[in-house]
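What follows is a structure written as structure tokens; I'll ask about it next.
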Amino acid sequence: MRFETKAIHSGLEIHNPSKAIIPPISPSTIYEIGAAGRNSSDLHYTRLANPNRLQFEHLIADLEEGETAMAFSSGIAAGAALLQGLNPGDHVILPEDVYAGNRKMVNDIMMRWGLKASFIDMTSLKHIEQAMTPDSKLIWIETPSNPLMKITDISAVAQLAKSKGLLTVADNTWPTPFNQLPLQLGVDVVLHSTSKYFGGHSDILGGALIFARQNEFTSRVRTIQQMGGAVPSPQDCWMLSRSSRTLAYRMRGHNEHALRVASFLDDHSRVKLVHFPGLESHSGHDIAKKQMSGFGGMISFLIEGNQQDAIDIVGRSKLIKRATSLGGVETTWEHRQSSEGEGSITPNTLIRISVGLEHPDDIIKDLEQAFDPR
Ligand code: PLP
């Protein structure tokens, strides 16, 4: 079945005895135990499982072409659960410009519990190999990276990791499975902040892990999901399933509009450099073309001038909202270093834009006036 069809039909039949075309929200926290005693297939208690979470997990596993999935209360919670599945003393290799919140989670929480980590330039296999230690267990890929839009060759890294017995995880939040399928390229786990394109309307916080195969490690992470307790509500899972039904069509729009906005920015005299893998001039364009079927809706760019000029440009937008996060139907942008705060390695003239689904002419008109106010 093709992506669009799976997105619309997958997961509907799970715990849906009335065969409702749209399964209802199940707010109950408890489920009745059979008269003969507890059965392993009982839902039992909502932290362990509930119909809406199982429906969404089935749907996202299908879309990422994995064997099993777990939904969490946020993207960070999903990443933390994955790392908690490792042992104290294990070493993880991450991109130097990994999403700033994940860097903070690793540095401030996981490392205090004994995890070791190296943050490196992941665009080079040589650097990855050099960063490996006898304790290395996991390579964390984020491509395109946030916010520098660096491209990592997923299948090359997965192959290298396999040859050394390491696991790989790919944060697929930005491209979404509509544009990129890391499990098909050899990665073991896909991570999502479903707060972004899966939610798609800037009104849900969530995360997910999708595993290529069900195995002992998966069971350990499942225990962390259920007993760590960072799970999404049935309402949020229901909303996520609902918005995932239109993911393909929203991503087509994001892909198309971002390409137009990136070309506009690339030609503008006040823009010094555009980071967007869809541009032929981007250093990762050839690899991106190989592993992505579309380039997504995210762009970052450096302006000519200084930090205050960048803040002023963002401050002048009228249609484009000044906000962090991404993946909503509305276009948003931000002076990224200000959002990342202490420890940010983002250049102070960088603006990050999440291109939405308004008419691209209107987005570009607002950018024009923000660059050149009259
Ligand atoms: N991964 C990426 C690429 C992100 O951009 C974000 C959030 O911005 C996260 C993970 C974390 O997700 P959440 O905010 O849902 O915890």
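The values are calculated or read from the model by the stated rules, or taken from the named source; none is laboratory data. Bear in mind that the values here come from a model prediction, so they are computed numbers and not experimental data. So basically every Cβ, Gly included, is an ideal-geometry build from the backbone, and we count neighbours across all protein chains shown. Please note that ligands, DNA and RNA were not included when accessible areas were found on the heavy atoms of the full protein model with its side chains. Shrake-Rupley method; radii C 1.70, N 1.55, O 1.52, S 1.80 Å.
Is the stretch 110-125 home to any residue that is more than 26 Å from Leu181 (Cβ to Cβ), outside any helix (DSSP H, G or I) and among the acidic types (Asp, Glu)?
No: zero hits.
Based on this model, can you work out whether Ser317 counts as assigned to a loop (DSSP other than H, G, I, E, B) and open to solvent by 30 Å² or more (accessible area, probe 1.4 Å)?
Details: assigned to a loop (DSSP other than H, G, I, E, B): yes; open to solvent by 30 Å² or more (accessible area, probe 1.4 Å): no.
No: the conditions fail for Ser317.
Is it true that Asp42 is of a type in the set (Asp, Glu) and part of a helix (DSSP H, G or I)?
Details: of a type in the set (Asp, Glu): yes; part of a helix (DSSP H, G or I): no.
Here the answer is no, as Asp42 does not meet what is asked.
While we're looking at this one, here's another question. Output the number of residues of the stretch 143-174 satisfying the condition of being within 19 Å of Gly327 (Cβ to Cβ), touching a Leu at 6+ places or on another chain (Cβ under 9 Å) and in a loop (DSSP other than H, G, I, E, B).
Qualifying residue count for the region: 6.
Need pairs with beta-carbon distance below 6 Å; first residue closer than 27 Å to Asp366 by Cα and modelled with pLDDT under 95 and within the stretch 264-291, second buried (at least 20 other Cβ atoms within 10 Å of the Cβ) and hydrophobic (A, V, I, L, M, F, W, C); sequence gap 6+ or separate chains.
If the second residue must be buried (at least 20 other Cβ atoms within 10 Å of the Cβ) and hydrophobic (A, V, I, L, M, F, W, C), no pairs are left.
Can you confirm whether Thr349 is over 16 Å from Val261 (Cβ atoms), within 20 Å of the chain's Cα centre (by Cα) and among the β-branched types (Val, Ile, Thr)? Before the answer, list the steps.
Details: over 16 Å from Val261 (Cβ atoms): yes; within 20 Å of the chain's Cα centre (by Cα): no; among the β-branched types (Val, Ile, Thr): yes.
Answer is no for this residue.
Of the numbered conditions (1) assigned to a loop (DSSP other than H, G, I, E, B); (2) surrounded by 22 or more Cβ atoms within 10 Å (Cβ to Cβ), Phe56 fails exactly one; give the number of that condition.
Status for Phe56: all satisfied but (1).
Follow-up. Would a scan of the stretch 65-77 turn up a residue that is farther than 24 Å from His9 by Cα, surrounded by fewer than 20 Cβ atoms within 10 Å (Cβ to Cβ) and away from the ligand (no atom under 16 Å from the Cβ)?
No, the conditions are met nowhere in the stretch 65-77.
For the stretch 159-178, which residues satisfy the criterion of being within 16 Å of the ligand (Cβ to nearest atom) and either open to solvent by less than 20 Å² (accessible area, probe 1.4 Å) or within 8 Å of the chain's Cα centre (by Cα) (or both)? Break it down stepwise before answering.
Step one: of the stretch 159-178, the residues within 16 Å of the ligand (Cβ to nearest atom) are 168-178.
Once the filter is applied, which keeps residues that are within 16 Å of the ligand (Cβ to nearest atom) and either open to solvent by less than 20 Å² (accessible area, probe 1.4 Å) or within 8 Å of the chain's Cα centre (by Cα) (or both), the stretch 159-178 yields Thr168, Val169, Ala170, Asp171, Asn172, Thr173, Trp174, Pro175, Thr176, Pro177.
Does any residue in the stretch 299-313 that is on the phi > 0 side of the Ramachandran plot come within less than 9 Å, Cβ to Cβ, of a residue that is part of a loop (DSSP other than H, G, I, E, B) six or more places away or on a different chain, and which pairs are these?
Gly305/Arg270; Gly305/Thr349
So Glu96 clears everything in (1) out of contact with any Ser or Thr (no Cβ under 9 Å at 6 or more places or on another chain); (2) open to solvent by 60 Å² or more (accessible area, probe 1.4 Å); (3) away from the ligand (no atom under 12 Å from the Cβ) except one condition, right? Which one?
(1)
From Gly85, Gly101, which residue is open to solvent by less than 10 Å² (accessible area, probe 1.4 Å), closer than 21 Å to Pro232 by Cβ and touching a helix residue (DSSP H, G or I) at 6+ places or on another chain (Cβ under 6 Å)? Let's see the steps before the verdict.
Values: Gly101 fails: open to solvent by less than 10 Å² (accessible area, probe 1.4 Å).
None of the other options fit; the residue is Gly85.
Has the stretch 331-340 got any residue that is among the hydrophobic types (A, V, I, L, M, F, W, C) and at pLDDT 95 or above? Steps first, answer last, please.
Keep residues of the stretch 331-340 that are among the hydrophobic types (A, V, I, L, M, F, W, C), which gives 333.
Next, only the ones that are at pLDDT 95 or above stay: 333.
Yes: the stretch 331-340 contains one or more residues that are among the hydrophobic types (A, V, I, L, M, F, W, C) and at pLDDT 95 or above.
Still on this model: Test of understanding: among Leu48, Leu63, which residue is under 22 Å from the mean Cα position of the chain (by Cα) and in contact (Cβ under 8 Å) with a residue 60 or more places away in the chain? I'd like the intermediate steps shown before the answer.
Numbers: Leu48 fails: under 22 Å from the mean Cα position of the chain (by Cα).
When all the criteria are applied, what remains is Leu63.
What do you reckon, is Pro147 at pLDDT below 95 and under 18 Å from the mean Cα position of the chain (by Cα)?
Criteria met by Pro147.
Among the residues of the stretch 189-219, count how many are under 13 Å from Glu67 (Cα atoms) and either open to solvent by less than 10 Å² (accessible area, probe 1.4 Å) or within 12 Å of the ligand (Cβ to nearest atom) (or both).
6
Would you say Phe276 is open to solvent by less than 20 Å² (accessible area, probe 1.4 Å), within 16 Å of Ile151 (Cβ to Cβ) and among the hydrophobic types (A, V, I, L, M, F, W, C)?
Yes: the conditions hold for Phe276.
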